[in-house]
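The values are calculated or read from the model by the stated rules, or taken from the named source; none is laboratory data. Model, not experiment: these values are computed from the prediction. Counting neighbours? That spans all protein chains shown, and the Cβs are built from the backbone with ideal geometry, glycine included.
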Amino acid sequence: MQTQLSFIKKNMNCKILDMEELAARAKELRAAGKKLVATNGCFDLLHVGHVRYLQAARALGDVLAVGLNGDRSVLELKGGGRPINNERDRAEVLAALECVDLVTIFQQMRATQFISASVPAIYVKGGDYTSDTLNEEERAVLKKIGSEIRILPLEKGYSTSLLVDRLRKIGK
């Protein structure tokens with residue numbers, strides 16, 4: 001895994017960082033007066049809804065850090081057959097987007113460690129969440145570090161589940 005991650009990092013201008021590297025980079029950015037925005041998700045089949053969401057998140061600050069659910073957590077969150085793309089491929093695709101500055105893969109079910117490492121000024125989630133429906137542990141860490149929580153509207157008609165359903169129908 002480390003060899004593959006090193007190869008990807010070399011080819012993606014060091015956008016893909018492990019948790020320790022993220023914490024160090026985030027500290028440097030804050031010291032330089034940059035506003036770090038963070039979000040997280042599975043980003044299994046990247047679609048226009050994801051791209052618009054990530055662009056809107058990036059517009060809220062100077063740097064966008066994306067926490068990417070690792071393969072194990074995607075399986076636990078989404079069920080059998082997921083993820084469709086492995087975590088390394090998903091990280092590389094995210095890192096290729098101009099609006100994404102940093103990508104960190106995390107294996108836990110919740111983004112608590114990612115949030116603690118990035119210490120974002122603003123934490124963004126999609127419109128399928130509310131401040132009240134965020135995971136309690138994540139919300140507690142965000143409150144402790146003083147992050148603003150912003151909920152961005154979903155792009156109607158776009159979701160990985162819809163894409164998977166459409167592909168299954170085509171395959172029949």
Item to check | Hits in the range 62-78 (condition: surrounded by fewer than 22 Cβ atoms within 10 Å (Cβ to Cβ) and in contact with a Pro (Cβ under 8 Å, 6 or more places away or on another chain)) | outcome: 71, 75
Checklist entry - Tell me, which residue of the range 79-96 that is touching a strand residue (DSSP E or B) at 6+ places or on another chain (Cβ under 9 Å) and touching a residue at least 24 places away in the same chain (Cβ under 8 Å) is surrounded by the fewest Cβ atoms within 10 Å (Cβ to Cβ)? => result 88
Item to check | Candidate set: the range 97-116, residues that are assigned to a loop (DSSP other than H, G, I, E, B) and touching a residue at least 60 places away in the same chain (Cβ under 8 Å); chosen: the one farthest from residue 48 (Cα to Cα) | outcome: 111
Checklist outcome for this item: Quick count over the range 98-125, residues being closer than 14 Å to residue 46 by Cβ, touching a helix residue (DSSP H, G or I) at 6+ places or on another chain (Cβ under 6 Å) and surrounded by fewer than 21 Cβ atoms within 10 Å (Cβ to Cβ), is 1
Item to check | Subset of the range 5-25 [assigned to a helix (DSSP H, G or I), within 19 Å of residue 107 (Cβ to Cβ) and modelled with pLDDT of 95 or more] | outcome: 19, 20, 21, 22, 23
